[in-house]
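Single-structure report; data block below.
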Amino acid sequence: MEYQQLSQAVVFDAERPPKGSLSRLLGLDSGPRSGLSADALRYHFLAEQLREVVFHLDGAGCVTFLGPAWTSLAGQPVERVLGQPLKALVHEEDRPRVQAVLDALTARVQASFRLELRLLTAGEPLWVELAAHSSPTGQGEVLGTLTDLTELRQMQTRLRQSDRLATLGMLVPGFAHEMNNPLAFMTANLDFLLQSMGDVAGSASTAQVAEWREAVGEVREGAERLRQLVGHLSDFRSDSGTGPVDVNRVLDTVGQMVASTLRSRGRLVRDYGARVIVAGSEGGLRQAFLNLVLRAVLALPDNGDTEVNEVRLVTREDGEGHVVVEVHDTGAGIPPEHLPHVFEPLFASRGGAEASPGPTLSVCQDIVRGLGGSITVMSSVGVGTVFRVTLPVDS
């Protein structure tokens, strides 16, 4: 069964521009506006009313037209940037991607592209969506728009915070159970030590000392389990900085966090390749993988066969500079009609035949895309589901 591609770092739009020279209709190749045709005047009027910034590039990738919305978006007059290369207007880290898009459009490898990038403005860099289309004139020109993503990113941030709280809410009962068990045997062993010390009254045999040591060892084991659980909760509350991240170690942490929820449903199988390192936020990756793994756990039937039902975590390098992480489950599968919607912000499903509350996978997609990766899914009803995350290796 082939994976169904649901998202890409760059979204390709197969629709071509309508017939006729759009640049001619916009009057981009015309002289003074008073000499424009009625159709060109209408399109100029439309470009001026849009919130998006309409732009036109010549064959060299330089700006020859900008809609008036540019001034409010970037805080700069249009005249200042006319004639400049488009890539000079974006953050230096985004310039290679912009150049790659322009090269592909000029060569007509693709009709259009959409990607998110940082626009240089009079103030701080601003996240925008670049929608670029190959001109139908066949002269290497590019038409497109720039759309402010500030409100969208703020909404995504709020959604991510809400998703964290919802995910924690699902995990809290299991954490409480995990904390109570070690606390119980810690208390019992401490009571045993106190009673034994009183009975011995100053004299202790070798056997008694060994028993004390064993009891103290169990207390230390329980304390360590509590320390790890509390540490995972603390880490989950905050985003760590960007740096090299050991994917296998993050998955191990996630496995510990879902252990209590998984115990009555199935088993966790780790199928790791060599140690793999990616660049990014460890907190962000932890949240993305936790959502995927928790979704897989909740897809398994409660009180099912724990020897047959499983969640399998697979990591490997693809030999092309990417780390591949797969989350498999043997649950009921996702119905085909739901697959195109699993990464939508308001779609939440555990993956069974019926939609039910679960982690929001749109958050996973946002995090993975932000790290330059992609996420795909394949599923078969009655067999299970596989989510595949591909991330660039840290160089």
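The values are calculated or read from the model by the stated rules, or taken from the named source; none is laboratory data. All values reported here derive from a predicted model rather than from experimental measurement. Backbone-built Cβ (ideal geometry, glycine too); neighbour counts: all protein chains shown. These accessible areas exclude ligands, DNA and RNA; they are computed on the full protein's heavy atoms, side chains included. Shrake-Rupley method; radii C 1.70, N 1.55, O 1.52, S 1.80 Å.
For region 239-303, build the charge dipole from Cβ charges (+1 Lys, Arg; -1 Asp, Glu) around the Cα centre, then report which of 283, 296, 266 sits farthest towards its positive end.
Among 283, 296, 266, the one farthest towards the positive end of the dipole of region 239-303 is 266.
At 1.567 mPa s and 4 °C, plugging the Kirkwood radius over alpha-carbon pairs of region 51-165 into Stokes-Einstein gives what diffusion coefficient in µm²/s?
Translational D for this selection: 88 µm²/s.
For residue 84 and residue 103 in the same chain, what is the full-extension length gain: residue separation times 0.36 nm, less their Cα-Cα distance, in nm?
Full extension from residue 84 to residue 103 adds 5.2 nm.
Computed FRET efficiency, Cβ-Cβ of residue 214 and residue 394, R0 56 Å: what is it to the nearest 0.05?
Calculated value: 0.80.
With label points built 7 Å along Cα→Cβ from the Cα atoms of residue 221 and residue 72, find their separation and express it in nm.
6.7
Could you provide, to the nearest whole Å², the per residue accessible area of region 251-329 with probe 1.4 Å?
Ligands and nucleic acids excluded, the result is 37 Å² per residue.
Could I get the Rg over Rh figure for region 277-317? Both from C-alpha atoms, Rh via Kirkwood, rounded to two places.
1.09
Which length gain, in nm to one decimal place, applies between residue 64 and residue 270 when the Cα-Cα distance is subtracted from 0.36 nm times their residue separation?
68.6 nm
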